[in-house]
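What follows is a short report on a single structure.
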Amino acid sequence: MDARVGGAAALPLFAAAPGLSARVPWLPLGVFPTPVERWSRLGAAIGCPELWVKRDDRTGGAGHGGNKVRKLEFLLARARAEGKGRVFVYGATGSNWVVAALSYARELGLARDVMLFASPTHAHAERNLAVTRALADTLVLRGSVAAVPWDVGRALWRGAATVLPMGGTDAVSTLGYLNAALELAGQVRRGECPEPEYVFVPLGTCGTAAGLAAGFHLAGLATRVIAVRITGGLVANAARTWLLAARALTEAARGGAAVPGPLAQTRLTVVGDQLGAGYALATPAGEEATRLAAETEGAALDPSYTAKTVAALIAAVRQGGLGGRRVLYWLTLNSAPLPGEPPAPGAAVSAR
């Protein structure tokens, strides 16, 4: 059932934790459940016949899909509950997260302040930056990520806007991907796909991987999460992912969910060998993955997140570990036309 029609009762999370909806604000923004498909052509090309994909590129209700929508259903509900009428969003130039947050904040009538820090650029990032300019009410451009504590601290001190966390990740928004894992478990029960042995997902601010690990545990699936680092280990690491997963399970338990003990160490593996020279910088393996996905499935990947994740999947198959296994790739990249394209007159921009 589409949660936008059925409301909170349609979410597997709130069915598993019936007291949670009274504790945690939530808004129906996306279109769920997202479909699960078999990627037989890419699977044949790389030697993985049981290759499936979870199409979270199609989460979009306001014209923007991708993995951030599930988090924003909790984050923007909290922003509305605070009643400030505006949000402060920050991230790298060309950030998918920033575009998604601005798109849905605009749909809800919230004013939008943005801070971007410089990062490597490519065509996808430039497209996102143009849309960010169109959707922001105010935009500050910074030369380095080092400016984040100052700008975030100032926004918190002023108190005029709800500050959304980096990448949309905190303990509560992680519930969005705990719910996603329960959603997939329902699709497995209905015979829409087999139970995956491994799920590959990017690891940035860690909320997606953490929520999936927690949700598979809660659902009783044996599925293991392979989290592929797309940025440095200071942000993307196993310790932070485990902590977020544990906090999400604690929230679910407080809402009445029957959590079956602690997470097993085998539930999550962090892969760091696809990062290359750094965040948003393309790699040869990622470029090969992009070409193969386009040629076999007509799917687009981006250099920052999805190309490196698929590259890790391909490498694991070629190394002989996954060829005969049931593998699912969680597609986190938006595939809908971006709101605000072509850029309309938008933000008042200041660079400092």
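The values are calculated or read from the model by the stated rules, or taken from the named source; none is laboratory data. Predicted, not measured: the structure shown is a model, and the values here were computed from it. Backbone-built Cβ (ideal geometry, glycine too); neighbour counts: all protein chains shown.
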Matching option when the condition is modelled with pLDDT under 95 and of a type in the set (Lys, Arg), among 86, 158, 127, 80: 127
Taking the stretch 255-276 and the residues there that are surrounded by 14 or more Cβ atoms within 10 Å (Cβ to Cβ) and farther than 17 Å from residue 201 by Cβ, the one that is nearest to the chain's Cα centre (by Cα) would be 276
Please identify the pairs in which a residue from the stretch 100-129 that is more than 24 Å from residue 76 (Cβ to Cβ) and in the same structural domain as residue 155 (by TED's automatic domain parsing) has its Cβ atom under 8 Å from the Cβ atom of a residue that is assigned to a loop (DSSP other than H, G, I, E, B) and among the aliphatic types (A, V, I, L, M), counting only partners at least 6 apart or on another chain. 119/280; 120/280; 120/281; 121/280; 122/280; 122/282
Counting only residues in the stretch 229-251 that are β-branched (Val, Ile, Thr) and more than 10 Å from residue 206 (Cα to Cα), the one farthest from the chain's Cα centre (by Cα) is identified as 250
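One line per residue, one yes/no per condition, for (1) at pLDDT below 95; (2) under 18 Å from residue 53 (Cα atoms); (3) surrounded by 24 or more Cβ atoms within 10 Å (Cβ to Cβ); (4) out of contact with any strand residue (DSSP E or B) (no Cβ under 9 Å at 6 or more places or on another chain):
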| position | (1), (2), (3), (4) |
| --- | --- |
| 194 | no, yes, no, no |
| 203 | no, yes, yes, no |
| 208 | no, yes, yes, no |
| 216 | no, yes, yes, no |
| 222 | no, yes, no, yes |
| 229 | no, no, yes, no |
Return only the number of the condition from (1) at pLDDT 95 or above; (2) assigned by TED's automatic domain parsing to the domain that holds residue 134 that residue 53 does not satisfy. (2)
Please enumerate the residues belonging to the stretch 247-264 that are of a type in the set (A, V, I, L, M) and under 20 Å from residue 198 (Cα atoms). 263, 264
